[in-house]
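Read the structure below first, then the notes.
The values are calculated or read from the model by the stated rules, or taken from the named source; none is laboratory data. Note that this is a predicted model, so its numbers are computed, not measured. Please note: Cβ atoms are built from the backbone with ideal geometry, for glycine as well, and neighbour counts cover all protein chains shown. The accessibility values were calculated without ligands, DNA or RNA, using every heavy atom of the protein model including side chains. Shrake-Rupley method; radii C 1.70, N 1.55, O 1.52, S 1.80 Å.
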Amino acid sequence: MTSTLTQPVTAASEPAGSAAGGANGGAAAAATGLSATVSGSLAAALRRSAQIERRIEENPRSFRILTGDRPTGDLHLGHYFGTLRNRVRLQDAGAGLYVLVADYQVLTDRDAAEALAEHVLGLVTDYLAVGIDPARATIFAHSAVPELNQLLLPFLSLISTSELGRNPTVKDEIAHSRQASVSGLMFTYPVHQAADILFCKGNLVPVGQDQLPHLEVTRLVARRFNERYPGTAGPVFPEPDALLSDAPLLLGTDGGKMSKSRGNAIALRATADETARLIRSAKTDGQRRISYNPVTRPEVSSLVLLAALCLDRDPESVAEQIGDGGAAALKRTVTEAVNDRLAPVRARRAELAADPGYARQVLNEGCARARAVAAATLEEVRDAMGTRY
Ligand code: ATP
Ligand code: MG
């Protein structure tokens, strides 16, 4: 398996949510409670990603990438295979890359952002360890870019409350929320994400499957803004696309979406022993023979997929090789594959962690660059909206 999509051809000819609907997507959507809207749009998003891969090959410099993560904990394997690899690949191919530490977004599902500074610097350290290069990429936190946040107000006026209320990812996150009641930020953060993406005119967003509904919100915001406020120099915003990877929804040790905040993740920085313990605890099923079928065997298939991704192999051949070895043999294979794959990332991360001042400097420089870009976009928005007196 390579870092480009391997499933799109099949995905194009299969109904949404089927086993062939791309990696483990359909099964994982069912397993995590993400609604049919998400799995229904998955096949289309995979087809679109395949088309975009061809355009990336032809002209990578025509893309401006914006993507990011919440500073709620350590980045994990879902991030690595779901989005980080694509970020580094696009950066190395010459696309402009903006990486967002989405600190305000921490407050969507909890009252207080715990250990925020530690998580923010930890995230920056993870980025650098996987190969994001601050000489080419802009790493920033959105709380440090007021001009970006100012876009939220006009953008909110472009989306209806019913559109906000039917977002399946928001519904899933409410089900896992730590708050007794749902905050306004939970419903409106997808519009804030539109500001995150559009402030730098991002046109491609490498993400996991949970982000597809949010990308639709961003596209709507861009389209409606351009229609309502046609700039004198043409449309102000692009309509960005999602770029899915081979692993649009990697499952965690409990069989639900691997997530920083759900205690089911294998962190990139985990030790080899912690990794072995976590994988040993992963949920499987009662069948001894190992096979790859994400619809009927989501947990086993996600482990097989994880080994396949780490080994650059097809999941079917990995399952075939383990055969009657059962869950114990599968887990041994996955553990070895993950630890081998992550060894260089972990070594680099340990070096970087010895100098936290460097991560802080990278972030501060990135925030300054992002502010300059956001200020220029806000000027264009002012012109288009006529808010210049
Ligand atoms: P939290 O539990 O705090 O929400 P998270 O693990 O869901 O954390 P995010 O910061 O919300 O991580 O997501 C960052 C990016 O990583 C998004 O593009 C998201 O789609 C992607 N991502 C997160 N989890 C997975 C996963 N299990 N599989 C594939 N991609 C994922
Ligand atoms: Mg999340």
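Here are the numbers for the structure shown:
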read-out	value
Candidates per trypsin sites (Lys or Arg not before Pro) in region 138-178, loop by DSSP, up to 15 other Cβ within 10 Å	Arg166, Arg178
Potential extension, Arg178-Arg382 segment - 0.36 nm per residue separation minus Cα distance	69.6 nm
Surface share of carbon and sulfur [accessible, 1.4 angstrom probe, percent] for the chain	51
Net length gained if the chain between Leu153 and Ser62 were fully extended (0.36 nm per residue, minus Cα distance)	29.9 nm
Accessible area per residue, Å², region 120-163 with all protein chains present, probe 1.4 Å	32
Scattering profile of region 176-240 at q = 0.15, 0.20, 0.26 Å⁻¹ [log10 I(q)/I(0), Debye over alpha-carbon scatterers]	-0.53, -0.81, -1.12
Backbone HN-Hα couplings from phi across region 182-190 [Karplus 6.51/-1.76/1.60, Hz, Gly and Pro as x]	8, 7, x, 5, 4, 7, 9, 4, x
Charge tally in the Cβ shell below 12 Å around Ala247, where Lys, Arg are +1 and Asp, Glu are -1, Ala247 excluded	+1
Using alpha-carbon coordinates, inclination of helix 356-385 to the longest axis of the chain, degrees	50
Vicinal HN-Hα couplings computed from phi for region 242-247 (Karplus, 6.51 cos²θ - 1.76 cosθ + 1.60; Hz; Gly/Pro x)	7, 10, 8, 9, 5, 10
Cut-off under 5 Å, modelled amide H: who pairs with Lys257 long-range	Gly252
Relative contact order, percent, the chain [alpha-carbon distance under 8 Å, six or more residues apart]	23
Rounded to the nearest 10 Å², the accessible area of Asp340 at probe 1.4 Å	100
³J(HN,Hα), Karplus 6.51/-1.76/1.60, whole Hz, each residue of region 70-78, x for Gly, Pro	7, x, 10, x, 6, 5, 10, 5, x
Separation in nanometres of the label points that stand 7 Å from Cα toward Cβ, at Asn364 and Gln287	5.6
Sparse-neighbourhood loop sites, trypsin sites (Lys or Arg not before Pro) in region 273-322 - DSSP loop, at most 16 other Cβ within 10 angstrom	Arg288, Arg289, Arg313
Whole-number accessible area per residue in Å² for region 261-352, which is evaluated in the context of all protein chains at 1.4 Å	47
Residue-span extension gain [Ser261 to Arg136] - 0.36 nm each, minus C-alpha spacing	42.0 nm
Proportion of all alpha-carbon pairs of the chain beyond 39 Å (%)	13
The chain: angle of helix 116-130 to the longest principal axis, Cα-based, in degrees nearest 10	70
Principal semi-axes in Å for region 315-389 [√(5λ), Cα gyration tensor, largest first]	50, 23, 7
MRE, 222 nm, helices only [DSSP H, n ≥ 4, -39500 (n - 2.57), over the chain, to nearest 500]	-16500 deg cm²/dmol
Region 216-327, Cα convex hull volume normalised per residue, Å³	156
Rounded FRET efficiency, nearest 0.05, which uses the C-beta distance separating Ala372 from Leu185 and R0 of 25 Å	0.40
Arg64 long-range amide H proximity, modeled H, under 5 Å	Asn203, Leu204
